[in-house]
Amino acid sequence: MTVASPGRHVAEDIDRIRELLASKPRPTSWAERRERINEVGSTWPVAADITCTPAEFGGVKGEWTSAPDSDPARVLLFFHGGGFCSGSVTSHRRLASEAGRAAGARCLAIDYRLAPEHPFPAALEDALRAWLALKRSGIEARHIAVAGDSAGGALTVALANELREAGEQSPGCLWLISPWTDLTLSGPTLASKDADDPLIHKPYLEELASAYVAGRIERRDPRVSVLFADLRNLPPILIQVGSDETLLADATRFAEAAGAANVAVTLEIWPRMIHAWPVWNGGLVDGREAIARAGAFIREHLASDLVQISATA
């Protein structure tokens, strides 16, 4: 396992993001929360050279974004965060589109069904439908990177596990941003980082976990708490997490578990960064740098397979 502490750490940038979040406190209703995350996630618009196209794969709605030099044969499949209860293509459009640019790939962001209206396993079912439909469209598994932030990071790992158990080909690599890997809420940084994190606190996570699991399964079930999953034979994983996150231990413990399962893991802990900071890359140097590093990681792992094929052809 490789551990790094990158970033330029521009204090003024992250302080402005903290001020933005403080100016828009989280409402109590699900509908208002969804409006809020769409609003704060869209503070910086998509770049002018990005093409956005509505999509539907396997009956699941989503959106393609592509930059002018995107390779149509390579895809970044992206699952947004929001605790399985909020978030959308709209809230994460800037992140998804810039990540696709950095990776040199088209990005397909998925609007999976949300709890509490659609509790587990709806989100995972939608992720699997989107993957299978993407494969049927002619994109090879080794040319697909799967990524997500927060709950979307957990969904990324859960999908990879489902594919492995079904005997399907694995994605080329996985990228996890501030992943929520433990719905039992046993991580020590939920307490030790509570005063530092402006977004994520244990009572809020308790509410989200209850809405998503809805008493259908145990929270320790590896399909929802991927920290406790069998992680053997997963593709290479990049994990990026901020030092000021209550979910810091969700990332570090998952990295340790994956490394112990002989998975190639790179863990980056970004000083002073908060939960899912690359969402605000339009106004945050460290957000742009995190995406650039992830893009290089994805390019390396999606391109290496082609190099091997051409060398043996």
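The values are calculated or read from the model by the stated rules, or taken from the named source; none is laboratory data. Just so we're clear, the structure is a prediction, and the values are computed from it rather than from any experiment. Virtual Cβ from ideal backbone geometry, glycine too; neighbours counted across all protein chains shown. Areas reflect the complete protein model, heavy atoms only, side chains present, ligands, DNA and RNA absent. Shrake-Rupley method; radii C 1.70, N 1.55, O 1.52, S 1.80 Å.
Evaluated at 37 °C with a viscosity of 0.692 mPa s, what Stokes-Einstein diffusion coefficient in µm²/s does segment 189-231 have when Rh comes from the Kirkwood expression over alpha-carbon pairs?
Answer, rounded: 279 µm²/s.
Using +1 on the beta carbon of Lys and Arg, -1 on that of Asp and Glu, and nothing else charged, what's the dipole of the chain about the Cα centre, debye to 20? Spell out each step's value before the answer.
Details: 32 positive and 40 negative charges, 71 e Å.
Charge dipole, the chain, about its Cα centre: 340 debye, nearest 20.
From largest to smallest, what semi-axes in whole angstrom does the chain give when each is the square root of 5 times an eigenvalue of its alpha carbon gyration tensor?
On the way: eigenvalues 137, 96, 82 Å².
One finds semi-axes of 26, 22, 20 Å for the chain.
Using Cα-Cα distances under 8 Å and only pairs 6 or more residues apart, what relative contact order does the chain have, in percent?
On the way: 683 pairs, mean separation 68.9, N = 313.
About 22 percent, as a whole number.
May I ask you to give the percent of accessible area on the chain that is carbon plus sulfur, with a probe radius of 1.4 Å?
51 percent
Classify segment 236-289 as rounded, prolate or oblate from the Cα gyration tensor: take a ≥ b ≥ c as the square roots of its eigenvalues, call it rounded if a/c is under 1.5, otherwise prolate when a/b beats b/c and oblate if not. Numbers along the way, then the final one.
Details: a/c = 3.30, a/b = 1.88, b/c = 1.76.
It comes out prolate by the Cα gyration axes.
Quick one: accessible area per residue over the chain, 1.4 Å probe, rounded to a whole number of Å²? Walk me through the numbers on the way to the answer.
Values: 12080 Å² over 313 residues.
It amounts to 39 Å² per residue over the chain.
Between ALA109, ALA133, ALA290, which gets the highest mean-square fluctuation from a Gaussian network model of the chain, Cα cutoff 10 Å?
So, out of ALA109, ALA133, ALA290, the one fluctuating most is ALA133.
Counting alpha carbon pairs within less than 8 Å and at least 6 residues apart, what relative contact order, in whole percent, applies to segment 139-180?
Values: 65 pairs, mean separation 23.8, N = 42.
With pairs under 8 Å counted, the relative contact order is 57 percent.
Largest first and to the nearest Å, give the Cα extent of segment 158-313 along each principal axis.
Projected onto the principal axes, the Cα atoms of segment 158-313 cover 56, 40, 25 Å.
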